[in-house]
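**Student:** Let me give you the structure first, and then I'll get to my questions.
The values are calculated or read from the model by the stated rules, or taken from the named source; none is laboratory data. The structure displayed is predicted, hence computed values, not measured ones. All Cβ positions, glycine included, derive from the backbone under ideal geometry; neighbour counts span all protein chains shown. Just the protein is used for accessible areas: all its heavy atoms, side chains included, with ligands, DNA and RNA removed. Shrake-Rupley method; radii C 1.70, N 1.55, O 1.52, S 1.80 Å.
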Amino acid sequence: MTLQKVLFREALNQAMCEEMERDANVFLMGEEVGEYDGPYKVSQGMLARFGPKRVVDTPISENAFCGLGIGAAMTGLRPIVEFMSLNFSLVAFDQIVSNAAKTLYMSGGQFPVPMVMRGPGGAAAQVAAQHSNCVESYFAQVPGLKVVMPSTPYDAKGLLKTAIRDDNPVIFIENELLYGVSQEIPAEEYLIPLGQAHVRVEGSDVTLIAYSRMAHLLESGVLPELRKEGIRAELVDPRTIKPLDLEGLARSVRKTHRAVIVEEGHRFCGVGAEIADRLYSACFDDLDAPLVRVTQQENPLPYSKPLETASLPQVADVVQAVKQVLYRL
Amino acid sequence: MTPASAAPRKNAIPIHPPEQGVPLSLANLSRRLRATVEELGRERLTGMYRQMVLIRAFEQRCEQMYQQRKIAGFLHLYMGQEALAVGMLGACRADDYAVTSYRDHGIALSLGIPAKALMAELFGKVTGVSRGKGGSMHFYSKEKNLLGGHGIVGGQIPIGLGAAFRAHYLGTDQVSMIFFGDGAINQGVFHEAANMASLWRLPAIFIVENNRYGMGTAFERASSVHDLTQKAQGYAMEARQVDGMNLLECYAALREVVEVRRRNPSPILIEAKTYRYRGHSISDPATYRSKEEVEAYQRVDPLQQVRRLLGELGWLGDGAAQQLERDVRQEVLDAVAFAEESPFPEPEERSRHVYAP
């Protein structure tokens, strides 16, 4: 195996380019994906490589270009629709929920919608309330949609390739603050199946469940703190929110008997609530303490730095939660 | 508002008779429509009339079946608009695409989807065109390229745009027939789609079925312009108005529009002036319009127009017309019997088709 060092955004670019080389029906559409080379440079060089028919700059009309993608998918193409930010996918919420998610079902299986809707989600750096939505729980609630949230360049590439080949509508949520993260990944082609959690760091005392940027926060910030106190935590990244690898998460919890679930989104009806509910059912007798969730506070995300920091999960919040499940407070 | 201040409404309902339309008859047939009649010939024109009669009879039977509680949910009937669907889709090829709103029975029948598959769908049976999972508002057919009846006003417009994009992407000469109502033209998504279709010269045929009312709101009360073709101007898009009660006008217009676009793709907005004989849905008594208005439209009834012309042409005498109506009636009764006898979906059908394998 040959290794190559790539940035997160380059891994996504490679995934799209490889799949467009492989299948002439795959195309990329979105705001600034072509001539501008991508608002976050994820599609850099793709217009030059594939031409304007396959790398399509759109007007700022999310509802219609998302719907266009659905119609194109129903008639045999395989669109990748990029939202400059998943916040703007809310403009297309009707198309995603009423059409992308339900068409296969309502048509009695006649019209699959093989389509990826991707872009950055979650809070970036002080971009205030309208640009900081964590949309994964909104979409994960809808039958018919899959939701993928990679945290590493390796996962991003392998999961995006699989998502493009999937015959269902997939919401693929990246994170702006991760685009510059680098990693050595295989130069050869590989795929990662949807619905497989990954144990990023092994441990025995407590299971930490986190995805996307929160997985980084835990690995780089929380785990060193815990090690100082002699706590060996296991970090599990579900990687796909839906389908959810319950067994992968439960396996770790059965080993450690304790878990903290961390998410960047709000608490009420959050992804962590679903994970907690399933873990209680699957491993109630294995638990030595109630599960603890760490989430964003229940306010729109404010601009001001101290207020933003106070709203989002921080290292200290997770460390505190870990001590709570270990009864070490 | 207190009851005392409520203005009496009953007498205030204005009458909007059909604006245009020389009803079909040999005596006043334009040269253009005369050529259309010749092009269609006896067999096709009679066949199109039969489709219109079928839609009317199907819808009347649906009303009855709803009253008998065989059909449930929302039910939006197509009576009055038959010429539009039959004429326009009659001018298309089998490999063209169509998408429409929840008022989809007439479109589905015009595409040649068997009445029994549609009636079974309405009965919630597994033999239905969407396996009983869609109901009245969600007829789909992969075989006939029907991309759905859609329940959110205007939501189907970008889906049809996607089919037009596909033709552009693959370089085929197919067109995409995008049907929607006068209510939907005020949705933002129409304007977004019109802009993109014009920008990229996609073969999108936007057809606004202006039946005068978006639910209970007369279109003049909802749209800032009353000539809906004006909405195309902002997108540098061609537009034309068609008498939607007149089968030959609908057919001839679409034939020209579609032929041009197969060679040189571009979008167009067609406003078809039409009228629905029933309320918005089966639960709407339509008190917002007058009896006189409905009668004015029924005097230019699309079926009667074609039947008279066929009689004048000597292509369909009274006896043959009565036989045709009996045949259609039987076809609809057979559809009801088929729906009645068909099984409901098995319980495991509930969880099928949520995700593609």
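**Student:** Does any residue of the stretch B:196-214 turn out to be open to solvent by 10 Å² or more (accessible area, probe 1.4 Å), free of Cβ contacts under 8 Å to residues at least 60 places away in the same chain and within 14 Å of chain A (Cβ to nearest Cβ)?
**Tutor:** Yes, some residue in the stretch B:196-214 is open to solvent by 10 Å² or more (accessible area, probe 1.4 Å), free of Cβ contacts under 8 Å to residues at least 60 places away in the same chain and within 14 Å of chain A (Cβ to nearest Cβ).
**Student:** Just one of the numbered conditions (1) under 27 Å from B:L147 (Cβ atoms); (2) open to solvent by 10 Å² or more (accessible area, probe 1.4 Å); (3) out of contact with any His (no Cβ under 7 Å at 6 or more places or on another chain) is not true of A:V135; which one?
**Tutor:** Of the numbered conditions (1) under 27 Å from B:L147 (Cβ atoms); (2) open to solvent by 10 Å² or more (accessible area, probe 1.4 Å); (3) out of contact with any His (no Cβ under 7 Å at 6 or more places or on another chain), the odd one out for A:V135 is (2).
**Student:** Could we say that A:G69 is open to solvent by 10 Å² or more (accessible area, probe 1.4 Å) and within 7 Å of chain B (Cβ to nearest Cβ) here?
**Tutor:** Numbers: open to solvent by 10 Å² or more (accessible area, probe 1.4 Å): no; within 7 Å of chain B (Cβ to nearest Cβ): yes.
Answer is no for this residue.
**Student:** Can you tell me which residue in the stretch A:139-165 is farthest from A:M16 (Cα to Cα), limited to those that are in contact with a Leu (Cβ under 7 Å, 6 or more places away or on another chain) and open to solvent by 10 Å² or more (accessible area, probe 1.4 Å)?
**Tutor:** Going through the qualifying residues, I end up with A:K146.
**Student:** Of everything in the stretch A:89-106, what is more than 8 Å from every other protein chain (Cβ to nearest Cβ) and among the polar types (S, T, N, Q)? Give them in sequence order. Quick ask: steps written out before the conclusion?
**Tutor:** At the first step, the residues of the stretch A:89-106 found to be more than 8 Å from every other protein chain (Cβ to nearest Cβ) are A:89-93, A:96-97, A:100-102.
The answer is A:S89, and nothing else.
**Student:** Of the conditions (1) open to solvent by 60 Å² or more (accessible area, probe 1.4 Å); (2) within 14 Å of chain A (Cβ to nearest Cβ); (3) closer than 23 Å to B:E59 by Cβ, B:S342 fails just one. Which one is it?
**Tutor:** Unmet condition: (1).
**Student:** Right, another one. I'm told A:L86 meets every condition in (1) under 23 Å from A:S43 (Cα atoms); (2) of a type in the set (A, V, I, L, M); (3) without any contact (Cβ under 8 Å) to a residue 40 or more places away in the chain except one. Can you identify the failing condition by its number?
**Tutor:** Tallying (1) under 23 Å from A:S43 (Cα atoms); (2) of a type in the set (A, V, I, L, M); (3) without any contact (Cβ under 8 Å) to a residue 40 or more places away in the chain, A:L86 fails exactly one: (3).
**Student:** When only residues in the stretch A:248-300 that are touching a residue at least 24 places away in the same chain (Cβ under 8 Å) and acidic (D, E) count, which is most open to solvent (accessible area, probe 1.4 Å)?
**Tutor:** The residue in question is A:E298.
Listed here are the residues, each with its yes/no results for (1) more than 14 Å from every other protein chain (Cβ to nearest Cβ); (2) touching a residue at least 12 places away in the same chain (Cβ under 8 Å).
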residue: A:M1; (1), (2): yes, yes
residue: A:V6; (1), (2): yes, yes
residue: A:E18; (1), (2): yes, yes
residue: A:V26; (1), (2): no, yes
residue: A:I60; (1), (2): no, yes
residue: A:P79; (1), (2): no, yes
residue: A:G108; (1), (2): no, no
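**Student:** Looking at the stretch A:224-241, which of its residues are under 20 Å from A:I173 (Cβ atoms) and either open to solvent by 50 Å² or more (accessible area, probe 1.4 Å) or assigned to a loop (DSSP other than H, G, I, E, B) (or both)? Can you show your working first?
**Tutor:** Narrowing the stretch A:224-241 to residues under 20 Å from A:I173 (Cβ atoms): A:235-241.
Passing the criteria: A:P238, A:R239.
**Student:** May I pose another question? Any idea how many residues of the stretch B:136-150 are more than 7 Å from chain A (Cβ to nearest Cβ), open to solvent by 20 Å² or more (accessible area, probe 1.4 Å) and within 18 Å of the chain's Cα centre (by Cα)?
**Tutor:** Final tally of qualifying residues: 3.
**Student:** Tally time: how many residues in the stretch A:6-36 are open to solvent by 10 Å² or more (accessible area, probe 1.4 Å) and more than 23 Å from A:V91 (Cα to Cα)?
**Tutor:** Selection size over the stretch A:6-36: 12.
**Student:** If you don't mind, another one. Scanning for something within 14 Å of chain B (Cβ to nearest Cβ) and farther than 27 Å from A:I60 by Cα, does the stretch A:140-159 turn up at least one residue?
**Tutor:** Checked the stretch A:140-159: at least one residue is within 14 Å of chain B (Cβ to nearest Cβ) and farther than 27 Å from A:I60 by Cα.
**Student:** Okay, moving on. Of everything in the stretch A:96-124, what is aliphatic (A, V, I, L, M), open to solvent by less than 10 Å² (accessible area, probe 1.4 Å) and in a helix (DSSP H, G or I)? Give them in sequence order.
**Tutor:** Listed by number, the residues that qualify are A:I96, A:A100.
**Student:** Can you pull out the residues in the stretch A:175-195 that are open to solvent by 50 Å² or more (accessible area, probe 1.4 Å) and part of a helix (DSSP H, G or I)?
**Tutor:** Once the filter is applied, which keeps residues that are open to solvent by 50 Å² or more (accessible area, probe 1.4 Å) and part of a helix (DSSP H, G or I), the stretch A:175-195 yields A:E176, A:L177.
**Student:** Let me ask something else. Return the pair list, or none, for Cβ contacts closer than 8 Å from residues in the stretch B:167-189 that are more than 14 Å from chain A (Cβ to nearest Cβ) and more than 30 Å from B:G216 (Cβ to Cβ) to residues that are in a helix (DSSP H, G or I) and of a type in the set (A, V, I, L, M, F, W, C), at least 6 apart or on different chains.
**Tutor:** What qualifies is B:D173/B:A167.
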